Amino acid sequence: MPQRLVVVKVGTSSITTADGDLDEEEMARLALQVASALKGGDKIVFVTSGAVAAGIAELGTAGKPKDIVFQQAAAASGQAVLMEKYRRIFGNQGLKVAQILLTAEDLSNRAAYLHTCDVLGMLLKLGVIPIINENDVTSVDELIPVNEGYKVNFSDNDILRVLVGNAIGADLVIILSDVEGLYTMDPSNPDAKIIRLVENITVELKNSLEGKSKMGRGGIQSKVHAAEIATTCGIPVVIANSRRENVIVDVLAGKEVGTYFKPQTRMSAIKRWIAFGASVKGQIHVNEGAKKAVLEGSSLLPVGVTKVVGSFKACDVVSLVDEQGIEFAKGNPNYGSSELNLIKGFQVTDVRKKLGADCSKEAIEHRNIHLIEGEK
């Protein structure tokens, strides 16, 4: 079997007891399965939740207080506990681990994004298990300075996991949680039936979702949204119960486990980053003619730009917004907001008179545009 690159994500409920303590027995069982996968020739990137829960247990505070700063303190304390246990447990299988904490900004900055990919690639080459978690100490939504036109790219580990999968070009993403998979209705309902295969994630499907994790921030909605991102980028996803016997081994063996989300056509690496990896730093409003041209496969020229919203640099990701105020694409511009404000509405000859003969004639090249309404 060809070597596969697999991202495995475990939720808080997968590695904690009913009392909220870390479940070392369950963690060891997962580590054993990861070791088995590696012996079979697969490479594994491990994304984990659980730092806040581990920290709350470590600090001796019951429940999950709503105070953001306390949760950050718990995450800071719990992260050390979590990694110490993972290091020992994976070490028992003869495996080394490395900790990687990521924020939205790490994946939004193109250079940092590529460097993260390089580091992950080196760790995998060395046979080390990368263990990734969101940096809860700095990346909670409430602490991100939100400017006009700015949108955050992820706010929980379900989304982080698929963004990591997109970044490294994973062959499969496995989401392990406390549910068997996606159901036709709330699984507590006796009439609920598990859905084994999802060909397409439709609006109707998303509107029908119910359920939220007790200790974690995500729920089935977050997991399906994550699956939508991954499959849109061409990566298949399996959602399954982490406590099912040999769940990782069986998924990798192709057995019918949980819910399988079928991948769509794989995007190019740059478009995966533009579409899902980066936070949106601003908006470029365009006229109807420019929108039509972009949708038909052309680049965006300065002449079609009517308004610039927010403060961004060249190569940040921005939204393209039409005359009705609807976002229809995202792009990686050749100009920052200050320069674009100087040349919006200009013909190419006037742009070059303003900024010099060597400047780009395109505000955004088509190869650096992701169409939200679908590529044409």
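The values are calculated or read from the model by the stated rules, or taken from the named source; none is laboratory data. In this text, all values refer to a predicted model and were calculated from it rather than measured experimentally. Positions of Cβ are backbone-derived with ideal geometry, glycine not excepted, and every protein chain shown enters the neighbour counts.
Please go through region 1-22 and pick out each residue that is part of a strand (DSSP E or B), closer than 30 Å to THR61 by Cα and of a type outside the set (Ser, Thr, Tyr).
VAL8, LYS9, VAL10, LEU22
If you check every pair at least six apart or on different chains, which have Cβ atoms under 8 Å apart with a residue in region 317-339 that is basic (Lys, Arg) first and a residue that is assigned to a helix (DSSP H, G or I) and at pLDDT below 95 second?
LYS330/ILE274; LYS330/ALA275
How about region 222-256: which of its residues are assigned to a loop (DSSP other than H, G, I, E, B), touching a Ser or Thr at 6+ places or on another chain (Cβ under 8 Å) and among the charged types (D, E, K, R)?
Selection gives ARG243 alone.
Return yes or no: is LEU5 among the aliphatic types (A, V, I, L, M) and under 21 Å from LYS85 (Cα atoms)?
no
Consider region 21-79. How many of its residues are within 20 Å of VAL8 (Cβ to Cβ) and in contact with a strand residue (DSSP E or B) (Cβ under 8 Å, 6 or more places away or on another chain)?
Going through region 21-79 one residue at a time, the tally reaches 19.
When ALA74 is evaluated against the numbered criteria (1) at pLDDT 90 or above; (2) surrounded by 21 or more Cβ atoms within 10 Å (Cβ to Cβ); (3) not in a strand (DSSP E or B), which criterion, by number, is the only one it fails?
(1)
I want to confirm something. Restricting to region 325-356 and keeping residues that are of a type in the set (Phe, Trp, Tyr) and outside any strand (DSSP E or B), which single residue is surrounded by the fewest Cβ atoms within 10 Å (Cβ to Cβ)?
That would be PHE346.
Any chance region 269-291 includes a residue that's under 24 Å from the mean Cα position of the chain (by Cα), in a loop (DSSP other than H, G, I, E, B), polar (S, T, N, Q) and under 30 Å from ASN341 (Cα atoms)?
Yes, because at least one residue in region 269-291 is under 24 Å from the mean Cα position of the chain (by Cα), in a loop (DSSP other than H, G, I, E, B), polar (S, T, N, Q) and under 30 Å from ASN341 (Cα atoms).
If you go through region 7-21 one residue at a time, how many are among the hydrophobic types (A, V, I, L, M, F, W, C), in contact with a helix residue (DSSP H, G or I) (Cβ under 9 Å, 6 or more places away or on another chain) and more than 24 Å from LEU38 (Cβ to Cβ)?
0
When you check ASP42 against the structure, is it acidic (Asp, Glu), over 25 Å from the mean Cα position of the chain (by Cα) and surrounded by 15 or more Cβ atoms within 10 Å (Cβ to Cβ), yes or no?
The answer is no for ASP42.
Determine which member of the set ASP322, ASP316 is more than 26 Å from the chain's Cα centre (by Cα) and either surrounded by fewer than 24 Cβ atoms within 10 Å (Cβ to Cβ) or closer than 15 Å to ALA278 by Cβ (or both).
Matching residue, one of ASP322, ASP316: ASP322.
Among the listed residues LYS262, LYS291, LYS255, LYS206, identify the single one that is touching a Phe, Trp or Tyr at 6+ places or on another chain (Cβ under 7 Å), farther than 29 Å from ALA54 by Cβ and basic (Lys, Arg).
LYS291
Residue check: is ILE270 within 20 Å of ASN109 (Cβ to Cβ) and buried (at least 19 other Cβ atoms within 10 Å of the Cβ)?
So ILE270 does not fit the description; no.
State all residues of region 143-169 that are of a type outside the set (D, E, K, R), surrounded by 24 or more Cβ atoms within 10 Å (Cβ to Cβ) and at pLDDT 65 or above; if no residue qualifies, say none.
LEU160, VAL162, LEU163, VAL164, GLY165, ASN166, listed by residue number.
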